[in-house]
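The values are calculated or read from the model by the stated rules, or taken from the named source; none is laboratory data. Source: prediction; values computed, not measured. When we count neighbours, we look across all protein chains shown, and the Cβ atoms used for this are built from the backbone with ideal geometry, even at glycine. For the accessible areas, the whole protein counts, side chains as well, though only heavy atoms, and no ligand, DNA or RNA atoms are used. Shrake-Rupley method; radii C 1.70, N 1.55, O 1.52, S 1.80 Å.
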Amino acid sequence: MITVLGKTFNTDEERREYFRAELRQHLPELKKMEGFPIGEDEDIIALSDPPYYTACPNPWLNDFIAEWEAEKKELERQGKRQPDFEVQEPYASDVSEGKNNPIYNAHSYHTKVPHPAIMRYILHYTQPGDIVYDGFAGTGMTGVAAQLCGKPDAETKYKIEQEFKQQGQEQMVWGHRRAILSDLSPIASFIACNYNTPLDVSVFEEEARRILTEVKEEFGWMYETIHANGKTGQIRFTVWSEVFSCPACAGEIVFFNEAFDAKSKRVKQNFPCPHCTTKLSKTKLEKLFESNFDPLSNSVIRVPKRQPVLIEYEIGGDRYKKVPEKSDIEILKRIENLEYSSKIPIKEIPPMHMTHERARMDQMGVTYFHHFFLTRPRQILGRIWEKAQMVNDGGRLLFFFEQAIWGLSLLNRYRPTGFSQVNQYMSGVYYIASQHAECSPWYILEGKLNRLIKIFNSRKLSTGNATINTGTAANISILDDNVDYIFTDPPFGENIYYADLNFLIESWHKVLTNAKPEAIVDRYKKKTLSDYQNLMRTCFEEYFRVLKPGRWMTVVFSNSSSAVWNSIQTALQRAGFVLANVSAMDKIQGSYRQVTSTTAVKQDLVISCYKPSSQFDQKFRQNQYNDVGVWDFVEEHLHHLPVHLLKDNSTTAIIERSPKILFDRLVAFYVQRSLPVPIDAAKFQKGLKERFVERNGMYFTAEQAAEYDRKKAQAPNFVQAALFVSSEQDGVLFLKNLLEQQPLTYSGIHPHWMQALAGQRKGDIIPELMDILQENFLKDAQGR
């Protein structure tokens with residue numbers, strides 16, 4: 001028996017069908033909400049697994065909250081919660097957590113925060129039963145972290161407990177937290193659902209293996225090749241090469257045959273034309289095209305000329321390579337004459353930056369989503385999708401099989417120096433290389449299935465701890481003051497075009513992101529930095545509305561632009577949040593560019609901010625037009641700042657406790673409330689000295705000063721705060737002081753620079769960090 005929101009069902013299928021019928025009735029009203037996804041009603045309902053997950057705004061969010069709030073009282077009776085729980089200080093320690101975690105790697109996505117990193121913040125800011133919210137949830141790592149606070153693995157538990165102990169923090173209380181996850185993208189929220197809801201692993205494995213076996217029995221001949229001894233081999237992957245023309249003699253050049261160096265396994269910079277011996281490079285070649293009839297779109301399309309040049313296959317566990325023969329070409333021609341599955345999406349690619357402005361996919365013959373696939377993978381993926389959709393399992397099998405979509409597409413580059421040809425596409429962009437590795441579905445999926453089964457068996461999730469919503473963070477259906485803590489990693493500027501990149505997989509589900517309210521800078525959609533700031537402010541205003549008074553929000557920031565950094569801080573403060581701390585998060589293993597480039601940002605920044613308590617808000621309103629309100633705010637704010645920061649066994653200055661930053665926070669607090677600031681900077685600094693205790697250029701309450709003195713005595717070496725950067729001149733001086741200590745690469749300088757911009761005011765004009773470095777400093781051979 002299954003009980004959900006007060007209703008009891010015999011099976012999950014019965015529960016699913018009941019709530020899908022309910023969701024169908026809600027759709028007319030839900031469609032009025034901004035950001036409602038693009039798709040037919042039945043496709044949205046089919047993708048959903050209600051009430052836990054809906055591929056549209058979730059009408060049951062407040063029902064779950066009411067149920068969870070009632071359960072908190074039982075946890076209090078059991079001694080697992082404190083009714084008067086309050087967090088005064090932010091989690092101010094830097095976090096270092098790698099990406100090589102099986103759960104993290106279970107499904108690829110453009111960006112993620114490792115869930116063990118998020119667990120530290122959740123454990124600090126919440127207690128068991130609390131409700132954690134993330135409106136830019138992506139694949140749902142915040143939900144995974146919230147749930148695994150109840151059942152952590154032994155290694156993670158020990159590591160976090162030791163860190164808390166070394167940092168002198170109060171011991172956390174382990175126990176599950178509840179999670180509400182939301183994302184504008186249907187595919188992101190769908191992945192989050194599969195990450196955060198339990199499943200019957202044995203049934204999932206049985207059905208997945210059944211489909212793989214059935215497809216191989218019916219269509220495995222597509223991936224067969226004949227070995228030299230006449231035996232049949234199973235193809236692992238086929239390498240396709242673009243064909244070019246020599247500018248000197250117009251002879252055809254198969255790029256792989258002439259430019260690929262078999263010894264170094266790399267493309268040659270220069271090579272001779274096989275027809276006229278003219279010295280060539282790729283930039284000098286002219287790409288050849290051919291016209292093909294596309295039966296799915298019923299049109300003739302112009303595509304780059306390609307031909308298969310290499311097949312890797314196996315027989316009895318032994319691997320071999322061969323040049324395609326006549327029999328291999330005949331199989332490809334036979335496939336061309338097959339009818340396609342009706343499940344293949346026939347959807348024209350909408351105008352967007354990633355395919356029309358940056359990559360120009362139309363020049364590669366890609367104008368419909370199905371054009372991303374050659375005929376063979378298009379056929380096989382359609383058959384797999386058809387079988388998976390027939391199983392009423394809440395999309396578990398689709399979650400598994402969709403992980404082959406990018407790998408089966410033309411985006412999958414041939415990478416001969418890699419261990420595997422699986423998922424060799426360039427992340428964060430649509431890019432079709434001259435050499436394409438067309439993998440077999442079994443080559444991609446059989447290993448993935450084994451890894452998924454291990455992960456699903458290790459998660460130990462319970463039903464009903466997470467609910468997932470699809471919609472904009474600027475319009476949340478949660479009632480006021482209902483969330484205990486927010487952890488969020490929003491999009492930053494034009495770092496990643498999430499909606500554009502998600503369309504490829506979403507097209508197979510036939511439910512697409514409504515990108516109109518997407519909070520990014522997008523020149524193609526005419527979204528400027530100012531538009532981005534306004535969109536983020538609207539989202540943060542919703543965050544502020546649903547967060548309980550006196551509670552905290554953590555915002556992860558990943559962008560190298562000081563303009564975007566300033567926009568985020570401004571948006572947060574205009575929404576009503578008070579900034580308390582900025583620390584660093586190191587994901588250790590970065591992207592390919594982060595690992596190989598000295599100019600890539602390797603650390604994220606973490607902003608801690610809070611919503612003032614109801615008691616303070618009421619007290620402030622009584623004195624908001626006089627100096628008493630000023631000092632009420634300062635005292636309240638000082639209680640929300642770290643008292644002592646320890647880094648490398650040294651006491652580190654807390655810039656938020658400096659007079660300049662305290663005054664800036666005060667001004668922002670008054671401006672957000674449309675109130676005149678009743679004090680100037682000089683009078684403010686004088687009042688600070690009269691009312692509070694100064695230590696090393698920082699201000700404390702008397703009790704905090706005593707605590708600071710005790711802790712500093714244990715780490716007497718003091719690291720002075722760096723200069724605040726509010727002009728180009730400040731920036732040059734800051735960098736000079738920093739680099740006199742030791743040479744650093746751009747990525748090493750970046751986190752220090754962004755934290756030094758904490759005191760930036762509206763109207764301050766500061767060039768970007770890279771511009772200042774290039775104009776004022778010398779760079780050595782190591783990029784320092």
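Considering (1) assigned to a strand (DSSP E or B); (2) open to solvent by 70 Å² or more (accessible area, probe 1.4 Å); (3) over 29 Å from Asn502 (Cα atoms), say which one Arg302 fails and leave the rest.
(3)
Inspect the stretch 213-234 for any residue being hydrophobic (A, V, I, L, M, F, W, C), within 22 Å of Ile335 (Cβ to Cβ) and open to solvent by less than 10 Å² (accessible area, probe 1.4 Å) and give the result as yes or no. Working first, answer last.
Of the stretch 213-234, the ones hydrophobic (A, V, I, L, M, F, W, C) are 215, 219, 221-222, 226, 228.
Now restrict to residues that are within 22 Å of Ile335 (Cβ to Cβ): 215, 219, 221-222, 226.
This time we only want the ones that are open to solvent by less than 10 Å² (accessible area, probe 1.4 Å), so: 215, 222.
Yes.
Every residue, every condition in (1) more than 22 Å from the chain's Cα centre (by Cα); (2) without any contact (Cβ under 8 Å) to a residue 24 or more places away in the chain; (3) crowded, with 20+ Cβ neighbours inside 10 Å; (4) outside any loop (DSSP other than H, G, I, E, B), yes or no:
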residue: Gly407; (1), (2), (3), (4): no, no, yes, yes
residue: Ile455; (1), (2), (3), (4): no, no, no, yes
residue: Thr463; (1), (2), (3), (4): yes, no, no, no
residue: Ile468; (1), (2), (3), (4): no, no, yes, yes
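If Ala179 meets every condition in (1) outside any strand (DSSP E or B); (2) under 30 Å from Ala466 (Cβ atoms) apart from one, which number is that one?
(1)
In contact with an Asp or Glu (Cβ under 9 Å, 6 or more places away or on another chain), open to solvent by 10 Å² or more (accessible area, probe 1.4 Å), within 21 Å of Ile45 (Cβ to Cβ) and assigned to a loop (DSSP other than H, G, I, E, B): does that describe Asn514?
Against the criterion (in contact with an Asp or Glu (Cβ under 9 Å, 6 or more places away or on another chain), open to solvent by 10 Å² or more (accessible area, probe 1.4 Å), within 21 Å of Ile45 (Cβ to Cβ) and assigned to a loop (DSSP other than H, G, I, E, B)), Asn514 qualifies.
Please state which one of Pro612, Pro517, Pro549 is at pLDDT 90 or above, under 20 Å from the mean Cα position of the chain (by Cα) and not hydrophobic (A, V, I, L, M, F, W, C).
Criteria check complete, one pass: Pro517.
With modelled with pLDDT of 95 or more, of a type in the set (A, V, I, L, M, F, W, C), open to solvent by 10 Å² or more (accessible area, probe 1.4 Å) and not in a loop (DSSP other than H, G, I, E, B) as the only criterion, which of Ile384, Ile331, Ile311, Ile380 stands out?
Checking each option against the conditions leaves just Ile331.
On the basis of being crowded, with 16+ Cβ neighbours inside 10 Å and on the phi < 0 side of the Ramachandran plot, does Phe419 make the cut?
No, not satisfied.
When the residues of the stretch 661-694 are filtered to those that are charged (D, E, K, R) and surrounded by fewer than 16 Cβ atoms within 10 Å (Cβ to Cβ), which remaining residue is nearest to Gln755 (Cα to Cα)?
Restricting to residues being charged (D, E, K, R) and surrounded by fewer than 16 Cβ atoms within 10 Å (Cβ to Cβ), the top hit is Glu694.
Select from the stretch 482-500 the residues that are open to solvent by 10 Å² or more (accessible area, probe 1.4 Å) and of a type in the set (Asp, Glu) and write down the one among them that is farthest from the chain's Cα centre (by Cα).
The selected residue is Glu494.
Restricting attention to the stretch 251-265, and to residues there that are more than 38 Å from the chain's Cα centre (by Cα) and open to solvent by less than 70 Å² (accessible area, probe 1.4 Å), which single residue is farthest from Pro377 (Cα to Cα)?
Gly251
Return the total of residues in the stretch 119-174 being under 23 Å from Asp63 (Cβ atoms) and free of Cβ contacts under 8 Å to residues at least 12 places away in the same chain.
0
Let me confirm something: among Gly79, Gly135, Gly150, Gly98, which residue is under 29 Å from Ile655 (Cβ atoms) and either open to solvent by 50 Å² or more (accessible area, probe 1.4 Å) or at pLDDT below 95 (or both)?
That would be Gly98, the only listed residue that is under 29 Å from Ile655 (Cβ atoms) and either open to solvent by 50 Å² or more (accessible area, probe 1.4 Å) or at pLDDT below 95 (or both).
Assuming Ile253 fulfils every condition listed in (1) modelled with pLDDT under 95; (2) among the β-branched types (Val, Ile, Thr); (3) touching a strand residue (DSSP E or B) at 6+ places or on another chain (Cβ under 8 Å) apart from one, which condition is it?
Only one criterion is unmet by Ile253, namely (1).
Taking the residues in the stretch 726-750 that are over 17 Å from Ile765 (Cα atoms) and polar (S, T, N, Q) as candidates, determine which candidate is most open to solvent (accessible area, probe 1.4 Å).
Only one residue tops the list, namely Gln741.
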